[in-house]
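Worksheet: the structure to be examined is printed underneath.
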Ligand SMILES: NC(=O)c1ccc[n+]([C@@H]2O[C@H](COP(=O)([O-])OP(=O)(O)OC[C@H]3O[C@@H](n4cnc5c(N)ncnc54)[C@H](O)[C@@H]3O)[C@@H](O)[C@H]2O)c1
């Protein structure tokens with residue numbers, strides 16, 4: 001049975017800890033760690049494992065670690081865990097810059113350990129089914145994808161919080177949250193963009209050093225287009241989902257359901273989860289099971305370091321080509 005440790009006991013650490021328990025008995029959760037001992041202790045009580053404040057002190061007791069810390073810590077913690085012989089799942093975005101990502105990939109190869117980026121959306125039931133539908137090809141090849149995540153983060157308590165600082169977050173909403181959706185778009189279209197452009201603003205998210213609202217447009221080979229609209233400042237919003245336009249139908253998903261739209265007809269082909277089907281940790285269960293499969297079988301994760309880097313490269317290109325400097 002594989003033993004796991006979770007580094008960082010905040011929001012995502014909690015989700016991974018619960019998800020790891022859901023994946024039991026094929027794995028067990030040895031500890032949760034946090035520099036904030038009270039936070040680790042509270043989560044440990046909730047999920048029934050040990051709490052530690054120095055995660056490196058728990059390395060002897062685990063086969064793998066899941067890194068759920070601020071972004072500037074992803075590369076150093078991942079590399080230290082790999083060098084200690086542990087497999088690593090690291091939360092998105094993989095790291096702060098390309099050099100860090102490449103070093104993580106190099107060390108994973110050198111140490112022959114699995115390195116997976118936690119692009120959870122790829123492993124959730126509805127987004128994964130969407131990919132299968134596109135591969136099956138019944139609706140024809142997609143020619144336009146539109147995606148939105150119009151959210152609101154309460155500014156209370158965020159001033160100087162790591163998630164407000166560019167030197168710890170690494171960018172703005174497009175980098176931190178948008179990487180999920182740029183990754184999904186590139187996966188669904190099975191290609192990388194040839195041309196990109198974006199606009200971003202801090203209006204509505206003064207607490208954040210990077211952009212809090214962004215609109216990105218991407219051109220893929222053969223004239224295929226995509227757009228992605230994201231925000232952490234939209235207190236009032238209704239758009240959260242993805243539309244995939246194919247010649248034979250429009251596929252509409254809010255990431256838990258899938259509808260097929262043809263003209264005025266709309267059919268739900270993937271229903272939402274029923275009562276009791278989304279316990280704490282359900283959103284990370286798919287990726288945790290995939291990580292465990294890859295460790296057990298010695299296989300490369302679907303979202304390994306090389307794959308995890310691709311969406312970030314697009315986002316860095318978007319920032320660079322738009323001249324976006326975060327002001
Ligand atoms: N996949 C998703 O949907 C999703 C959603 C939210 C966040 N995330 C990602 O998860 C990661 C963590 O985000 P969060 O929202 O849980 O943040 P958070 O602030 O809630 O938690 C981070 C925790 O890390 C702890 N920490 C800081 N330095 C540490 C160290 N050296 N050792 C151990 N613990 C340390 C902090 O004390 C804090 O408790 C980020 O990469 C973020 O982008 C992913």
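The values are calculated or read from the model by the stated rules, or taken from the named source; none is laboratory data. Predicted model only: the values in this text are computed from it and were never measured. Heads up, the Cβs are rebuilt from the backbone with ideal geometry, glycines too, and the neighbour counts pull from every protein chain shown.
Taking the numbered list (1) over 21 Å from residue 224 (Cα atoms); (2) surrounded by 23 or more Cβ atoms within 10 Å (Cβ to Cβ) in turn, residue 176 passes all entries but (2). Mind listing just one residue for me: the one in the range 170-209 that is closer than 15 Å to residue 152 by Cα and in contact with a helix residue (DSSP H, G or I) (Cβ under 9 Å, 6 or more places away or on another chain) and, of those, nearest to the ligand (Cβ to nearest atom)? The selected residue is 176.
With the condition kept exactly as written, say whether any residue in the range 109-117 is away from the ligand (no atom under 12 Å from the Cβ), under 16 Å from the mean Cα position of the chain (by Cα), closer than 16 Å to residue 6 by Cα and modelled with pLDDT of 95 or more. Steps first, please.
We begin by selecting, within the range 109-117, every residue away from the ligand (no atom under 12 Å from the Cβ); these are 109-116.
From what is left, the residues that are under 16 Å from the mean Cα position of the chain (by Cα) are 115-116.
Right, trim to closer than 16 Å to residue 6 by Cα and you get 115-116.
Next, from what is left, pick out any that are modelled with pLDDT of 95 or more: 115-116.
Within the range 109-117, one or more residues are away from the ligand (no atom under 12 Å from the Cβ), under 16 Å from the mean Cα position of the chain (by Cα), closer than 16 Å to residue 6 by Cα and modelled with pLDDT of 95 or more.
Give me the residue from the range 57-73 that is more than 10 Å from the ligand (Cβ to nearest atom) and in contact (Cβ under 8 Å) with a residue 40 or more places away in the chain and, out of that set, nearest to residue 171 (Cα to Cα).
Taking the range 57-73 as the starting set, the residues that turn out to be more than 10 Å from the ligand (Cβ to nearest atom) are 57-65.
Filter again for in contact (Cβ under 8 Å) with a residue 40 or more places away in the chain, leaving 58-59, 61-65.
Working: 58: 31, 59: 31, 61: 35, 62: 32, 63: 32, 64: 28, 65: 25 Å.
That would be 65.
Would you be able to say whether some residue in the range 144-156 is over 20 Å from residue 10 (Cα atoms), within 16 Å of the ligand (Cβ to nearest atom) and without any contact (Cβ under 8 Å) to a residue 60 or more places away in the chain? No, because not a single residue in the range 144-156 is over 20 Å from residue 10 (Cα atoms), within 16 Å of the ligand (Cβ to nearest atom) and without any contact (Cβ under 8 Å) to a residue 60 or more places away in the chain. Counting only strands (runs of 3 or more DSSP E) that sit wholly inside the range 144-239, those with at least 3 residues that are within 19 Å of the chain's Cα centre (by Cα) are 144-150, 213-220, 224-231. Hey, does the range 78-97 have a residue that's over 17 Å from the mean Cα position of the chain (by Cα) and closer than 21 Å to residue 167 by Cα? Yes: one or more hits.
Within the range 1-25, residues that are not assigned by TED's automatic domain parsing to the domain that holds residue 284 have Cβ atoms under 6 Å from residues that are at pLDDT below 95 and within 13 Å of the ligand (Cβ to nearest atom) in no pair, counting only partners at least 6 apart in sequence or on another chain.
Just for the range 126-154: of the residues that are out of contact with any strand residue (DSSP E or B) (no Cβ under 9 Å at 6 or more places or on another chain) and modelled with pLDDT of 95 or more, which one is farthest from residue 210 (Cα to Cα)?
Going residue by residue through the range 126-154, those that are out of contact with any strand residue (DSSP E or B) (no Cβ under 9 Å at 6 or more places or on another chain) are 128, 131-132, 135-138, 140, 154.
Restricting the remaining residues to those that are modelled with pLDDT of 95 or more gives 128, 131-132, 135-138, 140.
Numbers: 128: 30, 131: 31, 132: 35, 135: 36, 136: 39, 137: 39, 138: 41, 140: 38 Å.
Result: 138.
Scanning the range 48-62 for residues that are within 15 Å of residue 2 (Cα to Cα) and touching a strand residue (DSSP E or B) at 6+ places or on another chain (Cβ under 8 Å) gives 49, 58, 59, 61, 62. The residues listed here are 212, 286, 305, 281; of these, the one that is touching a residue at least 24 places away in the same chain (Cβ under 8 Å), crowded, with 19+ Cβ neighbours inside 10 Å and farther than 21 Å from residue 181 by Cβ is 281.
Of the helices (runs of 4 or more DSSP H) lying entirely inside the range 1-97, those containing at least 2 residues that are closer than 18 Å to residue 287 by Cβ are 11-23, 74-83. What do you reckon, is residue 104 touching a residue at least 60 places away in the same chain (Cβ under 8 Å) and not in a helix (DSSP H, G or I)? Against the criterion (touching a residue at least 60 places away in the same chain (Cβ under 8 Å) and not in a helix (DSSP H, G or I)), residue 104 does not qualify.
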